[in-house]
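Read the structure below first, then the notes.
Every number here is computed from the coordinates shown, using simple stated rules; none is lab data. In this text the structure is predicted, and so the values were computed from the model without any measurement. All Cβ positions, glycine included, derive from the backbone under ideal geometry; neighbour counts span all protein chains shown.
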Amino acid sequence: MTPLLLSLAAGGTSAAAQGTSKTLVACFSRSGNTRVVAGQVRRALGADLFEIEPDIPYPDDYFATVAQAQQERDRGYEPLLKTTADTIARYSTVFLGFPIWGMTAPPVIRSFLSTHDLSGKTIVPLVTHGGYGLGDSMRVVAGHAPQANVLDAFSTQAPQERETIERVSAWLDQQQIQK
């Protein structure tokens, strides 16, 4: 556990715990797994929540999203955000929740980091993944927020949407149901 979390969990007197500064949980979640983690952190810390959303939503179809994200990553494209966290200056700590896509942070997270000045802030990544770990996501966060203090990530394996789709499809293939 990071020193900030240890301090908060132990009833420490950090600035966030005293209410002299604010904590923000900024989260991008496509399937809901990362949103669950971010929601728990928000409730536990009494933090504010900002939902990171691309201006043009990713496709509903999982495989179309994977293809689009790969293209965006390969081109270095950072999609426009639907909204920005206009009050980010008042926060000293930002918990940044996101899933791993293609062994890295999703393009929309790069957009969030590029769009917001996080200089002097503490960033605590909250990462969900399908079993392959953090990939190069910490390098991406540190590279896009070079003047921030990036703490070790909370990382957890979450059920993969692709695995669920494949299991349901295989089950449906065994059924005698007509469309």
Convert each backbone phi in region 58-68 into a coupling constant with the Karplus relation 6.51 cos²θ - 1.76 cosθ + 1.60 (shift: θ = phi - 60°), then list the ³J(HN,Hα) values in order as whole Hz, x for Gly and Pro.
5, x, 5, 5, 4, 5, 5, 5, 4, 5, 5
Counted neighbours (other Cβ, 10 Å), sorted fewest up, put Lys82, Lys22, Lys121 in the order Lys82, Lys22, Lys121
By Cβ neighbour count within 10 Å, fewest first, Tyr62, Tyr132 rank Tyr132, Tyr62
Sort Glu163, Glu51 so that the residue with the fewest other Cβ atoms within 10 Å of its own Cβ comes first and the one with the most comes last.
Glu163, Glu51
Output wanted: per-residue J couplings in Hz (rounded whole) for region 75-88, from phi through Karplus 6.51 cos²θ - 1.76 cosθ + 1.60, θ = phi - 60°, x for Gly and Pro.
8, x, 6, 10, x, 5, 8, 5, 9, 10, 7, 4, 9, 4
Its Cα gyration tensor gives the chain an equivalent ellipsoid whose semi-axes in whole Å, largest first, are 32, 19, 14
HN-Hα J in Hz across region 141-155 - Karplus 6.51, -1.76, 1.60, θ = phi - 60°, x for Gly and Pro
4, 4, x, 8, 9, x, 9, 9, 9, 8, 8, 4, 7, 7, 10
With the 8 Å Cα cutoff and a minimum separation of six or more residues, the chain has a relative contact order in percent of 20 percent
